[in-house]
Amino acid sequence: MQSERYTTSLQQLLQPPTNQQLKCVIAKKQQNKCSYLYDRLLQSQFLQQIFAEFPHALANIFDRQHLVQSVITMSTAFLTAIAVILCILFRILNVNSQPLKPSVWSLDQQFLDCLYKIAPVLKEPYVPTRLWGFSGHVQTVLHSIVGRVKCPWPLGERVYLSLEDGSTLTYDLYQPLKEFEDDITVAICPGIGNTSESVYIRTFVHYAQCHGYRCAVLNHIGALSSVQVTSSRIFTYGHTDDFATMVEKLSQKYSNSHIVACGFSLGGNLVTKYMGEKQRVKPSNVVGGISICQGYNAVEGTKWLLNWQNFRRFYLYVMTENMKNIILKHRHALLSEECRQRHNLVERDIIAAATLPELDEAYTRRVFNFPSTQELYKWSSSLNYLDNIEKPMIFINAKDDPLVPEELLVPIREYAASNYKTAYIELAHGGHLGFYEGGLIYPNPVTWLDRTLIAMVGALVMTHTDPTKQTISI
């Protein structure tokens with residue numbers, strides 16, 4: 001009997017615990033933990049002060065168990081929320097990314113060697129600002145809101161021109177702060193709705209002046225609040241006449257100067273289209289062009305911007321509102337009774353436009369007499385003019401540009417890899433016109449783009465004057 005009793009007890013010990021037993025054990029551990037936490041909380045100065053302030057109220061509301069459970073629940077929820085937020089931030093900021101060297105496509109080895117000699121930065125890794133610089137979105141947003149840190153305000157003169165269609169065109173002219181052997185003029189075409197007063201333009205202009213370059217910055221018609229619109233039009237994505245007029249005036253005034261065309265975003269599209277327009281005669285002292293962060297194909301680019309993927313639809317909304325604000329700001333000239341009748345414009349449709357295609361349908365294509373927005377975009381796209389470019393060209397883009405998806409960069413890679421005196425530079429990071437570098441949180445005042453553009457201008461001039469030169473006076 002005794003052996004059977006021992007056998008039965010042993011079997012009971014070896015049997016796995018039931019679910020009810022496990023729940024009891026877990027509940028007891030949680031109760032012990034709650035008791036421990038409660039004891040620690042009661043010893044905290046914070047709770048002692050609260051109980052001292054409201055002794056009767058808290059005594060009626062909370063008992064021991066309820067107070068401990070509330071604290072544990074709040075602590076778990078708070079920590080979970082913090083963990084989720086940190087995961088999202090780390091994902092968005094891409095903090096695990098590493099600095100990478102720019103990728104360069106070029107068929108012309110001699111031209112490429114010239115670039116590397118003048119711009120050794122192309123052989124070095126681009127190091128964005130450590131905490132947020134690896135995110136294309138953060139770079140793009142900061143560029144749009146902040147622009148550049150410690151931005152100077154270069155001093156120049158504003159030139160006013162009256163065009164044949166009645167438009168008033170202005171550009172700002174900045175003289176070099178130092179004199180060098182080579183006379184170089186950089187003809188700058190800013191991005192959509194930007195002017196010489198835009199922060200990133202001012203930073204680059206000042207940096208170029210310090211390196212002995214003369215700069216001329218086109219002010220897109222309608223973008224400056226201080227200059228009234230005097231005709232029925234403003235700037236567009238493919239209207240190169242304004243930029244061509246500025247370059248022609250610069251060529252006449254500085255006939256011995258080497259002119260380099262430089263365009264940012266929409267300005268990059270205009271510069272490339274200008275350089276590839278077969279019917280347009282360029283001044284002989286225009287030595288080349290540089291395009292930064294353009295999309296090349298407005299037809300396909302618009303389709304991408306209409307998608308919510310990568311927040312592109314949000315950026316499209318911002319650009320649409322900026323364009324509408326420019327139009328409505330000058331409604332006395334652009335939406336006058338005579339203009340509405342001549343171009344069949346409906347102001348209500350313009351105000352209601354939620355995307356650029358809707359705005360271009362309601363306004364742009366009608367003012368410039370295009371049968372459809374697709375025809376307008378096809379005419380505006382610089383991709384259709386690449387084969388006619390005769391001067392050296394340099395193209396720069398970032399793979400994480402939220403406005404220009406990587407699919408739009410394939411044609412320019414192929415073009416650079418199959419044409420002489422052409423180079424395409426692609427960075428893994430930089431966003432749209434950001435390219436901030438250095439520091440943990442606070443970036444350097446001068447960006448990677450500013451430093452590289454100065455070298456690119458010098459390389460184009462050296463290629464034009466004497467391709468065999470090993471140095472240039474910069």
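The values are calculated or read from the model by the stated rules, or taken from the named source; none is laboratory data. Please read these numbers as outputs of a predicted model, since none were measured by experiment. As a convention, Cβ positions derive from the backbone with ideal geometry for all residues, glycine included, and neighbour counts pool all protein chains shown. Surface areas here come from the heavy atoms of the whole protein model, side chains and all, with no ligands, DNA or RNA. Shrake-Rupley method; radii C 1.70, N 1.55, O 1.52, S 1.80 Å.
Within the range 298-308, can one find any residue that is assigned to a loop (DSSP other than H, G, I, E, B), farther than 30 Å from Val227 by Cα and open to solvent by less than 10 Å² (accessible area, probe 1.4 Å)?
From the range 298-308, those assigned to a loop (DSSP other than H, G, I, E, B) are 306-308; that's our starting set.
Of the ones still in play, those that are also farther than 30 Å from Val227 by Cα are 306-308.
Of the ones still in play, those that are also open to solvent by less than 10 Å² (accessible area, probe 1.4 Å) are none.
No, the range 298-308 contains no residue that is assigned to a loop (DSSP other than H, G, I, E, B), farther than 30 Å from Val227 by Cα and open to solvent by less than 10 Å² (accessible area, probe 1.4 Å).
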>> Out of everything in the range 343-366 that is of a type in the set (Val, Ile, Thr) and assigned to a loop (DSSP other than H, G, I, E, B), what residue ends up being farthest from the chain's Cα centre (by Cα)?
In response: Val346
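Considering Ile412, Ile396, which residue is farther than 30 Å from Val346 by Cα, among the β-branched types (Val, Ile, Thr) and in a strand (DSSP E or B)?
Ile396
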> If you take the residues of the range 159-193 that are in contact (Cβ under 8 Å) with a residue 60 or more places away in the chain and of a type in the set (D, E, K, R), which of them is farthest from Lys253 (Cα to Cα)?
Replying inline: Asp165
> Does the range 189-199 include one or more residues that are closer than 18 Å to Tyr436 by Cβ, open to solvent by 10 Å² or more (accessible area, probe 1.4 Å), at pLDDT below 95 and touching a Cys at 6+ places or on another chain (Cβ under 6 Å)?
Replying inline: yes
> Out of curiosity, is Glu248 open to solvent by 20 Å² or more (accessible area, probe 1.4 Å) and closer than 15 Å to Asn384 by Cβ?
Replying inline: no
> Out of the residues in the range 115-149 that are of a type in the set (A, V, I, L, M) and assigned to a loop (DSSP other than H, G, I, E, B), which is modelled with the lowest pLDDT?
Replying inline: Val149
> Are any of the residues in the range 219-236 buried (at least 22 other Cβ atoms within 10 Å of the Cβ) and more than 30 Å from Glu361 (Cα to Cα)?
Replying inline: no
> Among (1) of a type outside the set (A, V, I, L, M); (2) out of contact with any Pro (no Cβ under 8 Å at 6 or more places or on another chain); (3) not in a loop (DSSP other than H, G, I, E, B), which single condition is Gly295 missing?
Replying inline: (3)
>> Being of a type in the set (A, V, I, L, M, F, W, C), out of contact with any helix residue (DSSP H, G or I) (no Cβ under 7 Å at 6 or more places or on another chain) and open to solvent by 10 Å² or more (accessible area, probe 1.4 Å) narrows it down to one residue among Ile441, Ile396; which is it?
In response: Ile441
> Inside the range 325-342, can you point out the residues that are touching a residue at least 40 places away in the same chain (Cβ under 8 Å) and either open to solvent by less than 20 Å² (accessible area, probe 1.4 Å) or at positive phi (or both)?
Replying inline: Ile326, Ile327, His330, Ala333, Leu334, Cys339
> Among Leu433, Leu408, Leu427, which is open to solvent by less than 10 Å² (accessible area, probe 1.4 Å) and modelled with pLDDT of 95 or more?
Replying inline: Leu427
>> Against the definition (open to solvent by 50 Å² or more (accessible area, probe 1.4 Å), in contact with a helix residue (DSSP H, G or I) (Cβ under 9 Å, 6 or more places away or on another chain) and either on the phi > 0 side of the Ramachandran plot or in contact (Cβ under 8 Å) with a residue 60 or more places away in the chain (or both)), how does Val121 come out, yes or no?
In response: no
